[in-house]
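A.B. asks: Next up is a structure, given as structure tokens.
The values are calculated or read from the model by the stated rules, or taken from the named source; none is laboratory data. None of the values given here were measured: they were computed from a predicted structure. Cβ: placed from backbone, ideal geometry, glycine included. Neighbour counts: every protein chain shown.
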Amino acid sequence: MVFQYDFMKQITLWAFLALIGFSTATQAQPLTISDSAVQAITSARRFSAKIPDGKLYGEAIRADRLKWLIDTLASDAMQGRETGEDGQRIAADFIARQFEEMGLPPVADKKTYFQHFKLQRDSWTELGMTVGEKNLKNRTDFYVYPTSNLANLKAEFKDAVFVGYGIQDNNYDDYASADVKGKVVLMYAGEPQLSNGNFLVSGTQFRSAWSLDWKKKVQVATRKGASLVLIVDPEFEKNVRENRRELSSRGWRPAFSGEAGASNALANNIFISEEVANTLLDKKAGKVAEALAAQKNGEGFKAIRFKTKFEVQLDKKVQTLAGANVIGLIEGIDEALKNEYVFITAHYDHLGKVEDVVYNGADDNASGTSGVIEIARAFAQAKKDGVGPKRSVVCMLVSGEEKGLLGSEFYVDFPLFPLDKTVVDINIDMIGRIDERHAGNPDYVRDRFGPPEFGVARNQ
Ligand SMILES: [Zn+2]
């Protein structure tokens, strides 16, 4: 693979400088405001005469150092940097050492450069449901999300309560005086709608949050001590089709841990078809249908207890692995603006190795990682010279990207700097190659997804 190391020119440092309020008063730019207004602004800027051209630092980004960084990150020693594997930890260490050399303060976990996170993958090993003598079929009669069922379950159930739509709101309560402790609750997905088209809970034609977030209902049932929640899904086939991936267990996701895990704990919950619901309700099926019809006409609803008999077995395995984001901070020099954050990010993880073959990931994304490291170095140097950026700049290299953008997701869930003060994130992915149209002229900003005329050429 041939790499073009001139890509430093592509790094739109000028854009960064402008964005973070770097003082670049010396460059002549086309003006759209009057000269006197410009003069007023210029004279109001402190230090404007003394601050050197930001170009100084842009040009300090050196091709040979970028090449060295890419060679190191993409070397076999880094084993393809797969999240959770040794190679990723070696790469994280290496990046942290770069930040340390620049003199950046360690501001992440326990005063290190690392924000550690855990990923989890839940997969079903056994899924079974039996009503009477009949074995029901997964995805034909019922479906279950592995990530929404924290505990395994093997039990026989006899007592159940039909709780309508399972909603408990300010002016509306499907539970009323029903005691569901230790019982199975059966509820419909969605929310009650009157025959005039309005939804009962909102009193308007708009659905309430109860329709949009089914877990809200499971939370209520869990709080009331239900041992299992069965949700009747009138759109069963469609939902199985659309959620195949989440139902199967393939993906990694941020792991629940500690208190977050406990507060997210839900009673076991299974979606069933209307047919299965009617089998479970047996003789009470008619009564349930009547109650729902009456509700449509604005009559109140009362929970219906019923006897039934079925068995459930849910067994899953949980795999975990650990990743880390690596974070370097260049604190802004402006007293007010330093509380705002400009992020420059890239993922440093790649696909690891399969047997003896290392997927080195030079372009994807040792290149972007090296770009971020060198941008950090330029800002660190500028700051040492007393001309640092006004806003704080956070250079973050994330992992877990190849497994589903999970390092960045984790950061957003557990931010180290306030998200509402984070003004922008510039993410860099794969800057190691020049496309064919620009061969021999690497000085451009590539627009990967748009037509050629949308690509912005610079310095022509
Ligand atoms: Zn990538």
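A.B. asks: Going by the conditions given, is ALA366 part of a strand (DSSP E or B), at pLDDT 95 or above and closer than 27 Å to ARG253 by Cβ?
C.D. replies: no
A.B. asks: Additional query: State whether one or more residues within the stretch 171-185 are under 31 Å from the mean Cα position of the chain (by Cα) and either at pLDDT 95 or above or surrounded by 15 or more Cβ atoms within 10 Å (Cβ to Cβ) (or both).
C.D. replies: There is no residue in the stretch 171-185 that is under 31 Å from the mean Cα position of the chain (by Cα) and either at pLDDT 95 or above or surrounded by 15 or more Cβ atoms within 10 Å (Cβ to Cβ) (or both).
A.B. asks: Return yes when ALA155 is assigned to a strand (DSSP E or B) and closer than 25 Å to ALA289 by Cα and no when it is not.
C.D. replies: Criteria not met by ALA155.
A.B. asks: Considering each of MET430, MET396 in turn, give the residue that is within 16 Å of the ligand (Cβ to nearest atom) and assigned to a loop (DSSP other than H, G, I, E, B).
C.D. replies: MET430 is the lone residue from the list that is within 16 Å of the ligand (Cβ to nearest atom) and assigned to a loop (DSSP other than H, G, I, E, B).
A.B. asks: Kindly establish whether PHE206 is at pLDDT 90 or above, within 24 Å of LYS154 (Cβ to Cβ), of a type in the set (Phe, Trp, Tyr) and assigned by TED's automatic domain parsing to the domain that holds PRO146. Break it down into steps so the answer makes sense when it comes.
C.D. replies: Working: at pLDDT 90 or above: yes; within 24 Å of LYS154 (Cβ to Cβ): no; of a type in the set (Phe, Trp, Tyr): yes; assigned by TED's automatic domain parsing to the domain that holds PRO146: yes.
No; evaluated as a whole, the condition is false for this residue.
A.B. asks: Okay, next question. So for the stretch 330-344 (the condition being under 19 Å from PHE94 (Cα atoms) and part of a strand (DSSP E or B)), does at least one residue qualify? Reasoning before the result, please.
C.D. replies: Here is the first cut: in the stretch 330-344, the ones under 19 Å from PHE94 (Cα atoms) are 330, 344.
From what's left, part of a strand (DSSP E or B): 330, 344.
Yes, some residue in the stretch 330-344 is under 19 Å from PHE94 (Cα atoms) and part of a strand (DSSP E or B).
A.B. asks: Cβ-Cβ under 8 Å, sequence separation 6+ or interchain: first residue in the stretch 98-109 and surrounded by 16 or more Cβ atoms within 10 Å (Cβ to Cβ), partner of a type in the set (Lys, Arg). Which pairs?
C.D. replies: That search, which allows pairs on different chains as well, returns GLN98/ARG377; MET102/ARG377.
A.B. asks: If you check GLU374 against the conditions, is it within 16 Å of the ligand (Cβ to nearest atom) and not small (Gly, Ala, Ser)?
C.D. replies: No, not satisfied.
A.B. asks: Taking the options VAL358, VAL342, VAL312, name whichever one is assigned by TED's automatic domain parsing to the domain that holds GLU402, over 20 Å from TYR113 (Cα atoms) and away from the ligand (no atom under 14 Å from the Cβ). Explain how you work it out, then say what you get.
C.D. replies: On the way: VAL342 fails: over 20 Å from TYR113 (Cα atoms); VAL312 fails: assigned by TED's automatic domain parsing to the domain that holds GLU402.
Answer to the check: VAL358.
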